[in-house]
1. Considering only residues that are at pLDDT 95 or above, open to solvent by 60 Å² or more (accessible area, probe 1.4 Å) and of a type outside the set (A, V, I, L, M), which ones fall in the range 264-279?
2. Would you point out the residue of the range 220-263, among those that are touching a Ser or Thr at 6+ places or on another chain (Cβ under 9 Å), over 18 Å from Leu104 (Cα atoms) and of a type in the set (A, V, I, L, M, F, W, C), that is least open to solvent (accessible area, probe 1.4 Å)?
3. Is it the case that the range 126-133 has a residue that's over 11 Å from the mean Cα position of the chain (by Cα) and more than 27 Å from Gly38 (Cα to Cα)?
4. For the range 167-196, how many residues meet the condition of being in a helix (DSSP H, G or I) and either among the polar types (S, T, N, Q) or touching a Leu at 6+ places or on another chain (Cβ under 9 Å) (or both)?
5. Which one of these is open to solvent by 30 Å² or more (accessible area, probe 1.4 Å) and in contact (Cβ under 8 Å) with a residue 40 or more places away in the chain: Leu176, Leu168, Leu189, Leu138?
6. When the residues of the range 113-124 are narrowed to those that are in contact with a Ser or Thr (Cβ under 8 Å, 6 or more places away or on another chain) and at pLDDT below 75, which ends up most open to solvent (accessible area, probe 1.4 Å)?
7. Given the conditions (1) polar (S, T, N, Q); (2) touching a Leu at 6+ places or on another chain (Cβ under 7 Å); (3) modelled with pLDDT under 90, report the number of the one that Asn49 does not fulfil.
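The values are calculated or read from the model by the stated rules, or taken from the named source; none is laboratory data. The model shown is predicted, which means the values in this text are computed figures rather than measured ones. Cβ placement follows ideal geometry from the backbone for every residue including glycine, while neighbour counts extend to all protein chains displayed. Remember, those area values only see protein heavy atoms, side chains included, never the ligands or the DNA or RNA. Shrake-Rupley method; radii C 1.70, N 1.55, O 1.52, S 1.80 Å.
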Amino acid sequence: MSSGELSSGELSSGELSSVDADLSVQRYRGAFARLYRGEMRLLLRRRRNMILLAVLAVVPIVIGIAVKVSDPRGGDGPQFIGRVTGNGLFLVFTSLTVSIPFFLPLVIGVIAGDSIAGEAGQGTLRYLLTVPVPRARLLAMKTAAVASFTGLAVLVVSVVGLIAGAALFGLHSLVLLSGDTVGLGDGLLRTLGIVAYVTIALFALAAGGLLISTLTENAIAAMAATISIAVFSALLDAVPQLSAIHPGLLTDHWLGFGELLRSSISVADLSRWTALHLAYAAIFLSIAFSRITTKDVTS
């Protein structure tokens with residue numbers, strides 16, 4: 001056999017490198033999956049978090065019962081509430097409209113603000129990093145867990161609203177805001193799109209909470225500061241004299257999901273608003289990555 005040939009039991013250096021790379025990727029994925037599952041179990045077993053989800057679940061039930069026993073067309077009320085009696089799907093939209101300004105940011109602020117600051121305050125962050133767990137992987141895992149919980153929070157409001165709406169008012173063909181009527185299947189697809197849009201919009205706030213959580217070891221302060229992002233943005237959004245900056249505010253398009261309830265959906269607007277939310281998330285997470293990779297963990 002010539003020097004340029006390999007026997008059947010040998011591998012070239014390039015093949016060995018490829019095998020090593022594949023094994024490294026598999027080990028990384030396995031380690032990341034274990035960390036993610038452990039973090040999600042921790043989030044879902046914590047009594048405080050379950051209470052927060054229970055509060056979210058109560059919102060559509062209370063609204064549904066209130067509408068059932070009263071006249072929703074009388075007086076002022078949240079957007080969509082006047083249509084709830086005609087179609088239970090509108091209870092989902094109304095519940096999200098009511099939850100977005102306060103309840104959902106509260107839940108997300110608690111989860112995101114506590115994600116890293118809570119670990120640092122309890123001393124478990126230092127333990128994690130000495131296992132060792134690479135800091136970038138830790139942040140990626142925390143981001144995935146917080147994003148999952150954000151989606152879960154939006155789903156709780158939506159699913160409970162759908163069930164309560166179906167029980168109290170029934171589910172029917174959906175009369176859009178533009179006056180056109182679409183079938184129930186189309187209405188459910190639009191509802192799913194609304195859930196996805198709201199989740200992405202709120203994930204931007206969650207990313208801000210992750211950033212703040214890397215800046216302090218005081219979990220309470222991180223939670224309060226995260227909620228303050230939403231409050232301050234909403235405050236600026238309410239000042240007419242600042243209308244020039246409104247389109248760029250974090251909270252300005254949180255209720256933009258109403259665009260999905262029109263016969264002619266403006267894909268350009270939805271894409272622009274979604275891109276804005278993702279841009280906020282990318283900026284927050286980039287700074288969080290820079291911070292956590294240089295953070296001096298002392299506790």
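1. Ser271, Arg272
2. Only one residue fits best here, namely Leu261.
3. Filtering the range 126-133 for residues over 11 Å from the mean Cα position of the chain (by Cα) gives 126-133.
Applying the additional criterion that residues be more than 27 Å from Gly38 (Cα to Cα) yields none.
No, every residue in the range 126-133 fails to be over 11 Å from the mean Cα position of the chain (by Cα) and more than 27 Å from Gly38 (Cα to Cα).
4. Restricting attention to the range 167-196, the residues satisfying the condition of being in a helix (DSSP H, G or I) are 167-168, 184-196.
Imposing the further condition that a residue be either among the polar types (S, T, N, Q) or touching a Leu at 6+ places or on another chain (Cβ under 9 Å) (or both) reduces the set to 168, 184, 186-188, 190-191, 193-195.
Within the range 167-196, residues that are in a helix (DSSP H, G or I) and either among the polar types (S, T, N, Q) or touching a Leu at 6+ places or on another chain (Cβ under 9 Å) (or both) number 10.
5. Values: Leu176 fails: open to solvent by 30 Å² or more (accessible area, probe 1.4 Å); Leu189 fails: in contact (Cβ under 8 Å) with a residue 40 or more places away in the chain; Leu138 fails: open to solvent by 30 Å² or more (accessible area, probe 1.4 Å).
Going through Leu176, Leu168, Leu189, Leu138 in turn, the sole match is Leu168.
6. Gly121
7. (3)
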